[in-house]
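Let me begin by presenting the structure, written as structure tokens, before commenting on it.
The values are calculated or read from the model by the stated rules, or taken from the named source; none is laboratory data. Small disclaimer: the values here were computed from a predicted structure and weren't measured. As a convention, Cβ positions derive from the backbone with ideal geometry for all residues, glycine included, and neighbour counts pool all protein chains shown. Ligands, DNA and RNA are excluded from the accessible area calculation, which covers all protein heavy atoms including side chains. Shrake-Rupley method; radii C 1.70, N 1.55, O 1.52, S 1.80 Å.
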2 protein chains.
Amino acid sequence: MSDPIEEGLLLAPKFDADGLVTCVATDAKSGELLMVAHMNAEALRRTVESGEAWYFSRSRKALWKKGESSGHTQRVIEMRVDCDQDTVWIKVEQNGPGACHTGRRSCFYRVVPLNQTGAIALQFRDAEKTFDPNAVYDKK
Amino acid sequence: MSDPIEEGLLLAPKFDADGLVTCVATDAKSGELLMVAHMNAEALRRTVESGEAWYFSRSRKALWKKGESSGHTQRVIEMRVDCDQDTVWIKVEQNGPGACHTGRRSCFYRVVPLNQTGAIALQFRDAEKTFDPNAVYDKK
């Protein structure tokens, strides 16, 4: 018997103890990795129903539509789920100049050098700021 | 003052309550998303030191060198860390025919159709098996 989670056609997300799955967002055109975040059942449902990316913020403990503050929404071109259904992958059309709250296109703007031991010094890569986060996000 | 975690050059991984960070592995040549797994501090250290991917299995609660059973190791071409340092991204050279334990190149072989409500029927995509997992993995 094949495993229905792995080989079946029913979406049955394996939420973790906090009720979350991991979500990887890549740029639908370039394939670039933009960000990794989390979805609870409600965020996943809203994303599937609307075709716009919704997440669940672990730090703010709140449902969150990507771009609700910044205007930098993500239109989902394709969604996939992985073998054990604890991760979803969305290929998105990123509206606006970037996905990262630091003001960059992608959250992955630092390289970890390999073949090293001890404390690691990161190196900036593709780290240019494409927008000013202070101008885009509400100050509370 | 800029946030040292986000704008600094010291690798300071933000491990979760279980001592893990998320790791996204993509094919260094094609950019294809291969798998998403987790690393504890030891897996991360071994990956950085050796340039070969090590993970921590949440289900088996064990450190795990990718390919130790299957031979399908991953040579890390580049590693990056995200803004808040709770996710690493490795671009890898995947040895052998695939990264997924189900016998496929990638773990993401099913599409979640969008703009739907209710129960979701997945669709296979890029789902051809590239190896026979029964032949590759030890039977216990």
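Before moving on, here are some points about what is shown:
- Flag if A:Asp126 is open to solvent by 30 Å² or more (accessible area, probe 1.4 Å), within 21 Å of A:Ala43 (Cβ to Cβ) and in a loop (DSSP other than H, G, I, E, B): no
- Within segment B:30-81, strands (runs of 3 or more DSSP E) holding 1 or more residues that are modelled with pLDDT of 95 or more and within 10 Å of chain A (Cβ to nearest Cβ): B:33-39, B:74-81
- Listed conditions (1) more than 21 Å from A:Pro13 (Cβ to Cβ); (2) surrounded by fewer than 22 Cβ atoms within 10 Å (Cβ to Cβ); (3) touching a strand residue (DSSP E or B) at 6+ places or on another chain (Cβ under 9 Å) are all met by B:Asp84, apart from (3).
- For A:Ala135: the one exception among (1) away from chain B (no Cβ under 13 Å); (2) outside any loop (DSSP other than H, G, I, E, B); (3) closer than 24 Å to A:Asp18 by Cα: (3)
- The C-beta contact set for segment B:46-68 (first residue open to solvent by less than 50 Å² (accessible area, probe 1.4 Å) and among the hydroxyl-bearing types (Ser, Thr, Tyr), second residue modelled with pLDDT of 95 or more and not in a loop (DSSP other than H, G, I, E, B), distance under 6 angstrom, 6+ apart or interchain) comprises B:Thr47/B:Trp54; B:Tyr55/B:Ala37; B:Tyr55/B:Met39; B:Tyr55/B:Ala43; B:Tyr55/B:Trp64; B:Ser57/B:Trp64.
- Within the span defined as segment B:112-121, one or more residues are at the interface with chain A (Cβ under 9 Å from one of its Cβ atoms) and assigned to a strand (DSSP E or B).
- Among (1) under 13 Å from the mean Cα position of the chain (by Cα); (2) within 13 Å of chain A (Cβ to nearest Cβ), the one test that B:Lys14 misses: (1)
- Selection within segment A:87-102 - open to solvent by 30 Å² or more (accessible area, probe 1.4 Å) and assigned to a strand (DSSP E or B): A:Lys91, A:Glu93
- Number of residues in segment A:101-131 that are farther than 25 Å from B:Cys107 by Cβ, out of contact with any Gly (no Cβ under 6 Å at 6 or more places or on another chain) and in contact (Cβ under 8 Å) with a residue 24 or more places away in the chain equals 4.
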